[in-house]
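*Asks:* Take a look at the following structure, please.
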Amino acid sequence: MTHPTPGTLNRTSSARSIARQTTDTRWIASVIQRGRDAAIAIQDDAGDSLQTHTQRLKTWIRQPHDQLKRSDESTEILTLAIGVVQTAVQREMSISLFDVQWHAGIVMSLGSIAEMQTGEGKTLAGVLPAYLHALRGQGVHVVTPNAYLARRDYEQLRPVYERCGISTSVVEDGYDDDQARRAYASDITYGSAHTIGFDFLRDQLIEQQTASLAVGERFLRDLRGAQSPRGRQRGLISAIVDEADDVLLDDAVSPLILSGASNGDAVDAELHRIAVEFINDLSEGEHFVFAGGDRIELTDAGFTTVYQHIEAATHSKLVRPWHEYIVSALRAAFCYQRDVHYVVRDSEIQLIDSSTGRVFADRTWSGGLHQAVQAREDLKITSESSTLGRVTKQRFFRSYRFLTGMTGTADQCQDELERVYGTPVSTIELRHPSKRETYPPRVVMTRDEKYDAVVNEAIQLAASGRPVLIGTLSVSESLEIAARLRERDCEFKILNGIQDADEAAVISAAGESGAITVATNLAGRGTDIGLDPESLTRGGLHVIVTQMHSLARVDRQLIGRAARCGDPGSCRFFIAADDDLLIQHAPWISRHLSRCDRLAEDCGLDITRRFKLLKQIETVQRRTQRQATIRRLRLLQSDSHEQQLLTLSEKRPDACWAM
Ligand SMILES: Nc1ncnc2c1ncn2[C@@H]1O[C@H](COP(=O)(O)OP(=O)(O)OP(=O)(O)O)[C@@H](O)[C@H]1O
């Protein structure tokens, strides 16, 4: 096998060649060993020697490509970088990175996404690729799924980078232009995908506005010495994406849309209110049908009935055809549920991201749906904001010259990641076999019984000194369980995006012996629940999954909060025959469970076990995953830059820190 020379690393032509490099485990093992030796040599150096080594590496990496000839020269760069990073981590955090973390760091540095089981230490594994790519001096974005993780990781790792002589910052929503520019001027910038994506859109808008000025106007501005507005970012050069499956795939279906400010009340508010009243007279089947997902279509009879309401249909304030108000009102009534898809806070609708459980204060639905939901909730109906800029997340991330990432759950997504982003996935072996015990699922007939069973188990295990995390699929479910715990006079904390307590404070208390925490998927990804010594001796964290998600990866992330980094821990799935997943995606399983229940009652037979329930549900989840993949690939195709993107994929990614 030929090893990556700086030349091939700089301009690796395809994902396949990265994959070849990153599967050479003997080479990787030798680099790790040499990196450790380098760290031992550096340990004895004086205090500021790390900065000196960083400076040396910067000069080395920035020299013209044709001067970086020898293939072992890039191995030397990698080796010395490992030595520097290891020494800085040792000095600042008093720990050594495990081999699996170096392995992940090396494959990411080369341009592969590292799949590392939950709790194996991805945060620290990401330091090596961030450090290496920062040496180039063009800026590295470390992208996280949310602002909490961006700030947490930045605060944890800043001392390490500073020790090495690399500047770091975090960028957050609400930063003004100067603050954001300063943050992006650092060697490494942490930020959520949402924040970094919107800053990119803002910059694009400024560029477009400047470009659209007439030549004369630009000339006059220059004469007057007026400065052109400057963008926030230095360009999309290198990105390291944490929770890559979530950011690059699950969340990629919702485009980034930069909206203009909404101008107060909607002119057509009255029409939305009329529509919400009007749909009470319509019936499913006769006037409208469900057309899959959150789509609703009017039947011919529906159209006729809708347009018989002549005053509304010819109203002077109509912004769109009258029947579209009706369809939005129907979708608001039947497809979007309060405390599941959105919450109402401060008299405003705030959307909930179903896979992360996060509440988005600044996102709205488009096409009149948001106004229909406001009308349904009897809130002030605001005007629709105009779209200033828009980009699909896929296009945004593909614009980086170098893209890599890490995830605990890339299962079933490897092909998609490679196809869309040109990044192969390398699976890193477990350091030690996980100590997590998966208890048999508890199956009941109704949600009501299920919530009681969940509360019983939580109270029982907490009484034995174990911390318990109850993971719910929706805010409403978390409130339901909280109410039942309160009825039992049980102390607990809640984390659902609308609670008053600070997220970090709730998480830091969740690992205390006997603590019960009820959380939506907010706590299901990236969060690290530290256990106190008593909890460890009592068996570690127990995770209760109150309802299986339509994507298996989301469930695996949630149970991955238990038994991290060699700790003990356990989990259990609770399933009810009337769970949304079964009703919507596998009604035959619900029917079967009811039959089992009757048989158990009539003749004491328990055939649930033979039915291999979990296996059946996994099959349903795999199907949902496939459907989601197809939807995303269609989205990519329909993107107006499809051809351009497909051409780009031939060139990308540039798999080296020395671009
Ligand atoms: N080399 C190490 N030595 C000791 N502890 C470590 C080491 N690396 C990581 N840890 C600890 O292991 C825990 C898990 O790390 P981390 O949160 O980075 O895992 P993760 O792989 O990102 O998990 P997830 O997939 O859930 O996001 C943390 O408490 C971290 O401090």
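*Asks:* Where does the range 509-550 land on Rg/Rh, using Cα atoms and the Kirkwood Rh?
*Replies:* Details: Rg = 11.2 Å, Rh = 11.4 Å.
Ratio of gyration radius to Kirkwood radius for the range 509-550: 0.99.
*Asks:* If you don't mind, there's one more thing I want to ask. Give the aspartates and glutamates whose C-alpha is closer than 12 Å to that of K450, dropping any in the same chain fewer than 8 places away, or say none.
*Replies:* Correct list for K450: E477, E480, D578, D579.
*Asks:* Here's something else I'd like to know. Please report, as a whole percent, how much of the solvent-accessible surface of the chain comes from carbon and sulfur atoms (probe radius 1.4 Å).
*Replies:* Details: 13980 of 28920 Å².
Roughly 48 percent, rounded to a whole number.
*Asks:* May I ask for the Rg/Rh ratio of the range 269-385, computed from Cα atoms with Rh as the Kirkwood radius, given to two decimals? Please report the intermediate quantities before stating the final value.
*Replies:* Values: Rg = 14.3 Å, Rh = 14.7 Å.
My calculation puts Rg/Rh at 0.97.
*Asks:* Would you mind checking K317/K393; K58/K122; K122/K615 for any pair whose Cα atoms are more than 32 angstrom apart? Walk me through the numbers on the way to the answer.
*Replies:* On the way: K317/K393 35 Å; K58/K122 25 Å; K122/K615 29 Å.
Violating the 32 Å limit, Cα to Cα: K317/K393.
*Asks:* Shifting gears a bit: Test of understanding: what is the full-extension gain from T427 to A291, defined as 0.36 nm times their sequence separation minus their Cα-Cα distance? Don't skip to the answer; put the middle values down first.
*Replies:* Numbers: separation 136, 0.36 × 136 = 48.96 nm, distance 3.89 nm.
Full-extension gain reported as 45.1 nm.
*Asks:* Give the Cα extents of the chain along the principal axes, in whole Å, largest first.
*Replies:* The Cα atoms of the chain stretch 79, 78, 43 Å along their principal axes.
*Asks:* Given H placed 1.01 Å from N in the peptide plane, which residues other than close sequence neighbours of S513 have an amide H under 5 Å from its amide H?
*Replies:* D532, S535
*Asks:* Looking at the range 269-385, send over the antiparallel percent of its DSSP beta bridges, to the nearest 5.
*Replies:* Working: 9 of 11 bridges.
Counting only bridges with both partners in the range 269-385, antiparallel ones make up about 80 percent.
*Asks:* Counting only heavy atoms of protein chains, what accessible area per residue, in Å², does the range 159-204 have with a probe of 1.4 Å? Please list the in-between numbers first.
*Replies:* On the way: 1550 Å² over 46 residues.
Per residue, the range 159-204 has 34 Å² of solvent-accessible surface.
*Asks:* Distance between Cα centroids, the range 141-177 to the range 422-449: provide it in whole Å.
*Replies:* Here the two parts' Cα centres lie 30 Å apart.
*Asks:* Separate question: Dividing the Cα convex hull volume of the range 354-424 by residue count, how many Å³ per residue is that? Numbers along the way, then the final one.
*Replies:* On the way: hull volume 10.7 nm³, N = 71.
Dividing the Cα hull volume of the range 354-424 by its residues yields 150 Å³.
*Asks:* Per residue, what volume in Å³ does the convex hull of the Cα atoms of the range 436-611 enclose?
*Replies:* 118
*Asks:* Further, regarding this structure: Could the peptides 478-490, 277-289 be put in order, highest first, of the mean number of other beta-carbon atoms found within 10 Å of their residues? Working shown, then result.
*Replies:* Numbers: 478-490: 16.4, 277-289: 14.6.
With the highest mean Cβ count within 10 Å placed first, the list reads 478-490, 277-289.
*Asks:* Would you calculate the separation in nanometres between label points at W27 and S464, each defined as 7 Å from the Cα along the Cα-to-beta-carbon direction?
*Replies:* 4.9
*Asks:* With a 10 Å radius around each residue's Cβ, average the other Cβ atoms per peptide and rank 396-407, 170-181, highest first. The partial results should precede the final answer.
*Replies:* Values: 396-407: 23.8, 170-181: 15.9.
Result, highest mean Cβ count within 10 Å first: 396-407, 170-181.
*Asks:* So for the chain: antiparallel DSSP bridges make up what percent, rounded to the nearest 5? Each step should come with its number before you reach the end.
*Replies:* Details: 14 of 62 bridges.
The antiparallel fraction comes to roughly 25 percent.
*Asks:* Rounded to the nearest 0.05, what FRET efficiency is calculated for V340 and D44 with R0 set to 56 Å and r the Cβ-Cβ distance?
*Replies:* Numbers: r = 59 Å, r/R0 = 1.05.
Working from the Cβ atoms, E equals 0.45.
*Asks:* Can you tell me which of 544-550, 187-193, 32-38 comes out highest on packing, and rank the rest after it, using the mean Cβ neighbours within 10 Å? Write out the running numbers ahead of the final one.
*Replies:* Details: 544-550: 23.3, 187-193: 26.4, 32-38: 18.6.
Those peptides, ordered most packed to least, come out 187-193, 544-550, 32-38.
*Asks:* Summing Lys, Arg as +1 and Asp, Glu as -1, what charge do residues with Cβ under 12 Å from the Cβ of V31 carry, V31 excluded? List each step's numbers first, then the result.
*Replies:* Values: positive: R26, R34, R36; negative: D24, D37, D72, E76, D99.
Around V31, the surrounding residues sum to -2.
*Asks:* Kindly state, to the nearest 0.05, the FRET efficiency for D489 paired with E534, given R0 = 22 Å and r defined as their beta-carbon distance. Working shown, then result.
*Replies:* Values: r = 22 Å, r/R0 = 1.02.
For R0 = 22 Å, the calculated efficiency reads 0.45.
The values are calculated or read from the model by the stated rules, or taken from the named source; none is laboratory data. Predicted, not measured: the structure shown is a model, and the values here were computed from it. Every residue, glycine among them, receives a Cβ derived from its backbone with ideal geometry; neighbour counts consider all protein chains shown. For the accessible areas, the whole protein counts, side chains as well, though only heavy atoms, and no ligand, DNA or RNA atoms are used. Shrake-Rupley method; radii C 1.70, N 1.55, O 1.52, S 1.80 Å.
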